[in-house]
Every structure is written in C-alpha cells, then in structure tokens.
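The values are calculated or read from the model by the stated rules, or taken from the named source; none is laboratory data. Bear in mind the structure is a predicted one, so any value in this text is a computation, not a measurement. Note: ideal-geometry Cβ built from the backbone for every residue, glycine included; neighbour counts use all protein chains shown. To get the accessible areas, we keep the full protein, side chains included, count just its heavy atoms, and leave off ligands, DNA and RNA. Shrake-Rupley method; radii C 1.70, N 1.55, O 1.52, S 1.80 Å.
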Amino acid sequence: MQIRKIEVCLTPALLPLYDISESIVVVIDIFRATSSICYGIENGVEAIIPVASVESCESYRHTDYLLAAERNGEVVEGFDFGNSPFAYSSEKVKGKTVVLTTTNGTHAINESREARQIIIGSFLNLTFLCNWLKTQPYDVLLLCAGWKNKFNLEDTLFAGAVVHQLSEEGYQQDDSSIAAEDLYIAGKSDLNEYLKKTSHSERLKKLGIEEDIRFCLNVDITNSIPVLEGDRLVKLIL
C-alpha cells in the first residue's frame, strides 16, 4: 500500500509548488470564513457558492440567493451579511443558497480547484473531519488561507491540530506539517489565550467582534463536512 502524504501549505501563494491533482485539499480560514461555512452547512444551508470577487457576488443580485460579502473583516455595503458565523444560524440560512466572497477563504477555495477533492475545515468540525480523512486513501494537503497571501498563525495552528489527530495513521509528513503540529501542541491547552496574539485577532477586535473569535475556537460542535461539488459547497454525504 502506498504511503499517504500529509502536507501543510502555509499560504495560497505557495500552492503552485504542490501537485494537488490527486490530493484532498482541506481549506482553512479559521477567522472566519471556513468556520462560518461549517456552521452554515451544519444548520441546513442548501449550498454555499464561493466566488472570488465582490463583483461576482453582485452578479447574483436578482436571484433568491442570500449574498454575503466581506472585505478586511467588514461586511461590504449593500450585501445581506459578511462572514460572521452568527449570520449562519438555522433561522437565517436553512434551506437557502448563499453566495459568498471573503478576503481570504474564498480565494483559497478557488485557487484549489485542480485538487481531487476540496473540503472545508475548522475547529467546529475538527474531529469529525479527521475521522473521515482517516478512511480516505489519498494524500492530504492542508491549505491555510492566511491573510492576503501571507502566513497567519490561526490557520497554521488548526492545520497542526489535524496533523496531530492523524499522527498515528502512518502519513508521511513534510516540514511544514511538523512545524504546524508543534504550534498546535504549544497552544492547545487554551486556544483562545494562545491566539490572542494573532494580527487577525487584533483586526477583528478593533471591529468589536471578539465574540466571533471566541465562537470560531469552539471545538467539535458540528458533525458535517462541507465539500465542493461543481461550484457549490454542500454537505458531504457519508
């Protein structure tokens, strides 16, 4: 049996260095896009359409879809909401289709389209996601959305959490996955305290949305995996 690889891509800018054609790519944007996507899928959203630009999101204006646009941590004026997880409650999104564009997360998704499969990860679905990955025969690439193509701490720490859960599964690790796991081990006892130091956390605090940060660090509160099928993120059927 061929040994599976697990790799961590620390920013989408580095993605061209990886062959992802036969890999499962896990897209990670902890503050806040992939956390909100996981929460929305868990709460019965029919589909989420990730688009690269505000203009692409705007093109769905005359439909019955909900339009969500975020840039630099704030809701873009004129759109239904941004990427706060609290916008994805079942009362708001159950049975709905959401068109979503964000600063980092949807960019990472769209950059990954050559992958064998694209799924979405967050602390909210950490163990459920890892248990599913254990059953898959393919290589895994953990793609950190980062901040505007730069490294960030929170996404890398989550990647390390996945590596940690898969550490007994015989995956061949690269150096970035080893480093990410070391970061997770350093911070796992109190994720909120450890990640207070992150630059993105500081940006969100200045916007008065510390509650979003705390929510995104909840571990294992959902039991579903968003998967990209065509242009839509939907619930993976197990």
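Observations on the structure shown:
- In the stretch 51-73, the residues that are open to solvent by 60 Å² or more (accessible area, probe 1.4 Å) and under 19 Å from the mean Cα position of the chain (by Cα): ALA52, ARG71, ASN72
- Residues satisfying the stated conditions in the stretch 220-234, i.e. more than 14 Å from the chain's Cα centre (by Cα) and either under 17 Å from ALA87 (Cβ atoms) or touching a residue at least 60 places away in the same chain (Cβ under 8 Å) (or both): ASP220, ILE221, ASN223, ASP231, ARG232
- Criterion (open to solvent by less than 10 Å² (accessible area, probe 1.4 Å), over 18 Å from SER177 (Cα atoms), in contact (Cβ under 8 Å) with a residue 12 or more places away in the chain and not polar (S, T, N, Q)) met by exactly one of VAL76, VAL99, VAL140: VAL99
- Selection from the stretch 22-64 of residues that are modelled with pLDDT of 95 or more, part of a loop (DSSP other than H, G, I, E, B) and under 18 Å from THR11 (Cα atoms): ASP29, ILE30
- Within the stretch 143-192, the set of residues being in a helix (DSSP H, G or I), among the charged types (D, E, K, R) and open to solvent by 20 Å² or more (accessible area, probe 1.4 Å) comprises ASP175, GLU181, ASP182, LYS188, ASP190.
- Index of the failed condition, ALA69 passing every other in (1) under 22 Å from VAL227 (Cβ atoms); (2) at pLDDT 95 or above; (3) in contact with a Ser or Thr (Cβ under 6 Å, 6 or more places away or on another chain): (1)
- Test for LEU233: is it closer than 23 Å to HIS107 by Cβ and not β-branched (Val, Ile, Thr): yes
- Options ILE209, ILE185, ILE178: the member that is of a type in the set (Val, Ile, Thr) and under 18 Å from SER84 (Cβ atoms): ILE209
- Identity of the residue in the stretch 211-238, open to solvent by 80 Å² or more (accessible area, probe 1.4 Å) and of a type in the set (Lys, Arg), that ends up modelled with the highest pLDDT: LYS235
- Condition check for ILE3: within 30 Å of GLN172 (Cα to Cα), open to solvent by 20 Å² or more (accessible area, probe 1.4 Å), β-branched (Val, Ile, Thr) and in contact with a strand residue (DSSP E or B) (Cβ under 7 Å, 6 or more places away or on another chain): yes
- For HIS107, the criteria (1) within 19 Å of SER36 (Cβ to Cβ); (2) touching a residue at least 60 places away in the same chain (Cβ under 8 Å); (3) open to solvent by less than 40 Å² (accessible area, probe 1.4 Å); (4) not hydrophobic (A, V, I, L, M, F, W, C) hold in every case but one, which is (3).
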